[in-house]
1. Mind checking which helices (runs of 4 or more DSSP H) fall wholly inside the stretch 16-133 and carry at least 2 residues that are of a type in the set (S, T, N, Q)?
2. Across the stretch 72-84, which residue is surrounded by the fewest Cβ atoms within 10 Å (Cβ to Cβ) among those that are among the aliphatic types (A, V, I, L, M) and touching a residue at least 60 places away in the same chain (Cβ under 8 Å)?
3. If you go through the stretch 101-110 one residue at a time, do you hit one that is at pLDDT below 95, touching a helix residue (DSSP H, G or I) at 6+ places or on another chain (Cβ under 9 Å) and of a type in the set (Lys, Arg)?
4. Look at Gly53 and say whether it is more than 30 Å from Leu98 (Cβ to Cβ), in contact with a Gly (Cβ under 6 Å, 6 or more places away or on another chain) and small (Gly, Ala, Ser).
Amino acid sequence: MESNSFDFKRFWCYFKFDFDAFVSRYGISLLVMSSLGLSAELFCGFFSFVSGGEWHGMWGILRGMMFAVVAIIVLITAPAKLYGYVTDRKEGSAFLMLPASRLEKYVSMILITGVVVPLLFFTIYMGLDIMVCMIDPTCGNSIFDYLFCNNIIESIVPGADIPAEANEVFSQLRSMASPYLMFDDILQAALLFLLGAIIFKTSKTGKTLGCIILFSISLQALLTPIIGLIFFGSIHGMASMNMVATTPDQMLDVFPVFGWFFRNAKIIDTVSDGALNCLLLFLIWLRIKKMKH
């Protein structure tokens, strides 16, 4: 069987097998992580009832922060649990001998980690949160409402409280807070830790995190002097300005390069994330294609 062949019927059979393996390896963990929001809500409600005599659920901002933390944990731990075994000599050899091409295994791997796991987690977690908010009026809006129905920045800083001289800044912040811009970031996190899971033999998640931190530090050390040179003229010109009187919108005009990046942040974010995701997809495929035991 050619490693780059693809038969849809064979792929569908293998995908169902891969999905069953996902349920066996990570299904219970996913259910536990997805129900942490409900557990925290019940704990806060019982605690407030016992201590104050009134039931009061968890504040919306705390529920949102907890949701973000748990989502990150799921995204970085699931790949190693699901596909970390492929670097083991015995289990990895069994993986290569399964009746499917490497391309079919690769596509299934990407779909499970990049689509199925996040989709199931978000559906269960948000579904439970919506159910709780429908039953308990003290918890306020659901996380889904904050993300898709109400703007996050608007919830934190209402439009009426925004200074007139900072309208452009907050307008850009509102647009960048769109949850639709997070989809490629979710896929990126899943692909990063999937790549680490099929490269490292031990401590897969920890080593992947370490590589990300080292890369971030190296990139910051490289870009800091470059950014300093770009902004040197603007910073030197602002030395004689009254910084207190400088509004956020004026700052964008004083720093034209920064202003351009800020005004085009959505496009830059989408293009850069898309390019990185394509690179990660290529590296994962290269690793699967070259895998030998």
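The values are calculated or read from the model by the stated rules, or taken from the named source; none is laboratory data. Keep in mind that what you see is a predicted model, and the values were worked out from it rather than measured. A quick note on method: Cβ atoms are made from the backbone with ideal geometry, for glycine too, and the neighbour counts reach across all protein chains shown.
1. Those helices (runs of 4 or more DSSP H) span 36-52.
2. Once the filter is applied, the top-ranked residue is Ile72.
3. Taking every residue of the stretch 101-110 in turn, at least one turns out to be at pLDDT below 95, touching a helix residue (DSSP H, G or I) at 6+ places or on another chain (Cβ under 9 Å) and of a type in the set (Lys, Arg).
4. No: the conditions fail for Gly53.
Residues are listed down the side, and each one gets a yes or a no for (1) over 30 Å from Asp129 (Cα atoms); (2) touching a helix residue (DSSP H, G or I) at 6+ places or on another chain (Cβ under 9 Å); (3) small (Gly, Ala, Ser):
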site	(1), (2), (3)
Asp18	no, yes, no
Phe49	no, no, no
Ile72	no, yes, no
Ile76	no, yes, no
Thr87	yes, yes, no
Leu98	yes, yes, no
